[in-house]
There are 2 protein chains.
Amino acid sequence: MAHHATMTEALEQAGHRLTAPRLAAMRLIAAREGPFTAADLVADADARDLRIGRATVFRAIDLLAELGVVERIDLPSGEHAYVACRPAHHHHMVCDRCGRSTEIDDAGFRSVVAEIAHRTGFRVDAHRLELFGRCADCLAGETTDR
Amino acid sequence: MAHHATMTEALEQAGHRLTAPRLAAMRLIAAREGPFTAADLVADADARDLRIGRATVFRAIDLLAELGVVERIDLPSGEHAYVACRPAHHHHMVCDRCGRSTEIDDAGFRSVVAEIAHRTGFRVDAHRLELFGRCADCLAGETTDR
DNA sequence: GGGCCAGATGATACCCAGTCTCAGTGCGAG
DNA sequence: CTCGCACTGAGACTGGGTATCATCTGGCCC
């Protein structure tokens, strides 16, 4: 998970203002463990009586997404969610019990893509890879609990 | 691309009725080369003066998705699109110039997932893999055209 | 410190995809 | 024939996301 400071730094570096609503939004994001939807953030802000407009929340997410410190993932249900993460190439593994998201590295995936590209003549510019299942913690919990 | 007949067959086999609106929807889908959105289909139906309700189009897509003859993919823009395809496990490669979608097989991807699962203790139940770029035809066209 | 102004904000209206509801409609079985 | 059930379509509704626009403010320059 990206820390609050990582985000503010990224913002400043890209020449954006550090305004109160943005700082608040970033704090809310940092406080979340796993993926969150825009609606989650709005609800959080509401619950804490931060007077942040809905539009501003969306803009903040957009901005952070542009800077690469949050990323949009598409849940199997089709919903859009976001996760805070390092601004580097990686993929996400989402536990559908606890909702936590883990970043995973390449693990040979790159060569698979290269292989496919080579075989088909396709030039791959972008890709999306997301894994869904149960994280180790939840698996452990399940076998001991029941 | 799944042919019209493949879809009707799948429908019948699953014990669903072959109604006129469904057949019409399937013909529209079969007529499309690449991914399409639900709105595309509705527009197509409208253009051809087929009197198919919006709800019916969505239901037809849902149904075909359940049967595995169309699949939902998430474009990089975040839009939901659908593609007709074989009812087998595979992934999609979408050309963002001509819009055509190619099915690709496993190509060693399975073992990458297994490797990740092994390293992290995560149990992977589902995954999403989509590639975006330029297909061989479009690449060829581009180099000769300009 | 004070003024300036582009960039940021938030209230609101709006748009669009997808779902729900419900009164029909028509096919197939008996 | 007629009964039931799957299916249909019109329209209302929901929820995520965007556009508009008057107002505000962070941070720079003096």
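The values are calculated or read from the model by the stated rules, or taken from the named source; none is laboratory data. Keep in mind it's a predicted model, so treat the numbers as computed, not measured. When we count neighbours, we look across all protein chains shown, and the Cβ atoms used for this are built from the backbone with ideal geometry, even at glycine. Accessible surface areas use protein heavy atoms only, side chains included; no ligands, DNA or RNA. Shrake-Rupley method; radii C 1.70, N 1.55, O 1.52, S 1.80 Å.
General remarks:
- Of all the numbered requirements in (1) open to solvent by 30 Å² or more (accessible area, probe 1.4 Å); (2) at the interface with another protein chain (Cβ under 7 Å from one of its Cβ atoms); (3) in a helix (DSSP H, G or I), B:Ser111 misses one, and that requirement is (2).
- Verdict on B:His90 being open to solvent by less than 90 Å² (accessible area, probe 1.4 Å) and modelled with pLDDT of 85 or more: no
Yes/no per residue for (1) more than 10 Å from chain B (Cβ to nearest Cβ); (2) buried (at least 18 other Cβ atoms within 10 Å of the Cβ):
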| site | (1), (2) |
| --- | --- |
| A:Ala45 | yes, yes |
| A:Gly78 | no, no |
| A:Cys85 | yes, yes |
| A:Gly141 | yes, no |
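- Candidates are the residues of segment B:53-76 that are under 24 Å from B:Leu131 (Cβ atoms) and in a loop (DSSP other than H, G, I, E, B); the one that is farthest from DNA strand D (Cβ to nearest atom) is B:Gly68.
- Counted residues, segment A:93-108 - those being assigned to a strand (DSSP E or B) and in contact (Cβ under 8 Å) with a residue 40 or more places away in the chain: 4
- Within this structure, A:Ala136 fails the test of being open to solvent by 30 Å² or more (accessible area, probe 1.4 Å), at the interface with chain B (Cβ under 7 Å from one of its Cβ atoms), under 30 Å from A:Leu11 (Cα atoms) and hydrophobic (A, V, I, L, M, F, W, C).
- Filter result for the condition that a residue is over 27 Å from B:Ile73 (Cα atoms), part of a loop (DSSP other than H, G, I, E, B) and among the hydrophobic types (A, V, I, L, M, F, W, C), over A:Leu28, A:Leu50, A:Leu11: A:Leu50
- Exclusive hit being open to solvent by less than 20 Å² (accessible area, probe 1.4 Å), more than 7 Å from chain B (Cβ to nearest Cβ) and modelled with pLDDT of 85 or more, set A:Leu50, A:Leu28, A:Leu129, A:Leu67: A:Leu28
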